[in-house]
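Colleague: Input: one structure, supplied below.
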Amino acid sequence: DLNRIFIGGDSGGANITHAMMRNIRKEGLPGNNAKVEGIIMVHPYFGDNCKQWLRMNPINEGPQDPRMKPATEDLANLKCDRVLVFLAEIDPLRPAGDNYVEAIKKSGWKGGLEVVDNKGRMHNFHIANYTDEETIIIDERIKAFINKGKGEN
């Protein structure tokens, strides 16, 4: 259903998700009915002021590059209705996710934001432990997020 597209990723994949949404904002989607309903970001990482990333990407805008630090304009104009963000409590990369959530809140974006804190867990713990109770929470919340509003059109 092209009216209910969901895009998501974890860690750097969340960064790719945001980059895709930035491109969609600028270029749109093909077809008349295509619409991103929501994005899902699990333990997002944006590189912050990562010098290695800047060296590896010679065409960049420095530490303010929107691929590393999402611009308020990009967040205020997200072309989706809802955003689901998971943050791991003891993730050394968590500040990037916290900053993303706060930037969305301050941007004036009118969509629905859901934030889930994975208590006592490290970055991307869910990849290695499929039976962990917090992994099950991630799975169930993603399922509920996607199914919310399904069939109400």
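Colleague: State which residue is modelled with the lowest pLDDT when the search covers only segment 28-49 and only residues that are surrounded by fewer than 15 Cβ atoms within 10 Å (Cβ to Cβ) and of a type outside the set (D, E, K, R). Walk me through it before giving the result.
Modeller: Initial filter on segment 28-49 (surrounded by fewer than 15 Cβ atoms within 10 Å (Cβ to Cβ)): 28-34, 48-49.
Next cut, of a type outside the set (D, E, K, R) only: 28-34, 49.
Details: Gly28: 88, Leu29: 90, Pro30: 85, Gly31: 77, Asn32: 77, Asn33: 82, Ala34: 90, Asn49: 57.
Here the answer is Asn49.
Colleague: Further, regarding this structure: What single numbered condition from (1) crowded, with 18+ Cβ neighbours inside 10 Å; (2) basic (Lys, Arg); (3) more than 30 Å from Asn33 (Cβ to Cβ) fails to hold for Lys106?
Modeller: Going through the list (1) crowded, with 18+ Cβ neighbours inside 10 Å; (2) basic (Lys, Arg); (3) more than 30 Å from Asn33 (Cβ to Cβ), Lys106 breaks only (1).
Colleague: Failed condition for Asp74, given (1) modelled with pLDDT of 90 or more; (2) surrounded by 17 or more Cβ atoms within 10 Å (Cβ to Cβ), with all others met?
Modeller: Failed condition: (1).
The values are calculated or read from the model by the stated rules, or taken from the named source; none is laboratory data. On a predicted model such as this, the values are computed, not experimentally measured, just so you know. Methodologically, a virtual Cβ is constructed for each residue, glycine included, from the backbone with ideal geometry; neighbour enumeration extends over all protein chains shown.
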